[in-house]
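Q: Would you mind keeping the following structure in view while I ask a few things?
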Amino acid sequence: MTSLAVVEPLLATYGLALSGLSFAAWIFAFETRKTFKGGIFWNAWRIIASSVLFFTANQLVLVYGAVYGTSFTVSAVSESLEALATAFLLTGFYLFYKAWNPRAPPAKG
C-alpha cells in the first residue's frame, strides 16, 4: 500500500482555500443573476457567473498540481482554464456595459 505524499502542502491548502472562495463568489454571482431574471442584465450576469466556475476549476487543477506534482499538462490545463475564465468574464462585462449604455456617446469635435 502506498501513501500519498503531498509535494507542496502549503500551496495545496492555499489552493483549496481559494477554490472555496471562488465557489462562494460563484454562489453570489448566481444569486445576483437571479435578481435580474428577464431584465437587461440577465445575460451579462449569466456569463459572469459562468466565468467564476472556470476560475474555481483552475484552482482545483492547481491543487492537483500541488499534491501530485506539476507537469506540462497540468500547467497547460490551468492556463487554458484561466484564459477561458477571463474571456467569459470580459464578455460578461461587455454585455453588462452594452445593456447599461446601449449607445456610444457622440463624438466631440
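The values are calculated or read from the model by the stated rules, or taken from the named source; none is laboratory data. All figures in this text were calculated on a predicted structure; none of them were measured in a lab. When we count neighbours, we look across all protein chains shown, and the Cβ atoms used for this are built from the backbone with ideal geometry, even at glycine. Keep in mind that these areas ignore ligands, DNA and RNA; they rest on the heavy atoms of the full protein, side chains included. Shrake-Rupley method; radii C 1.70, N 1.55, O 1.52, S 1.80 Å.
Q: Would you point out the residue of the stretch 69-91, among those that are within 12 Å of the chain's Cα centre (by Cα) and aliphatic (A, V, I, L, M), that is nearest to SER22 (Cα to Cα)?
A: Among those residues, the one meeting the criterion is ALA85.
Q: Can you pull out the residues in the stretch 13-37 that are surrounded by 18 or more Cβ atoms within 10 Å (Cβ to Cβ) and among the aliphatic types (A, V, I, L, M)?
A: Matches in the stretch 13-37: ALA29 only.
Q: Where residues in the stretch 60-75 are in a helix (DSSP H, G or I) and more than 14 Å from LEU11 (Cβ to Cβ), which of them is most open to solvent (accessible area, probe 1.4 Å)?
A: For the stretch 60-75, the residue satisfying everything is PHE72.
Q: Shifting gears a bit: Would you be able to say whether some residue in the stretch 100-107 is of a type in the set (Gly, Ala, Ser) and either at pLDDT 95 or above or in a helix (DSSP H, G or I) (or both)?
A: No, the stretch 100-107 contains no residue that is of a type in the set (Gly, Ala, Ser) and either at pLDDT 95 or above or in a helix (DSSP H, G or I) (or both).
Q: Report, ordered by the first and then the second residue, all pairs with beta carbons closer than 6 Å, sequence separation of six or more or different chains, a first member in the stretch 38-59 that is surrounded by fewer than 22 Cβ atoms within 10 Å (Cβ to Cβ), and a second member that is part of a loop (DSSP other than H, G, I, E, B) and hydrophobic (A, V, I, L, M, F, W, C).
A: Taking only residues 6 or more apart or on different chains, the pairs are TRP42/PHE36.
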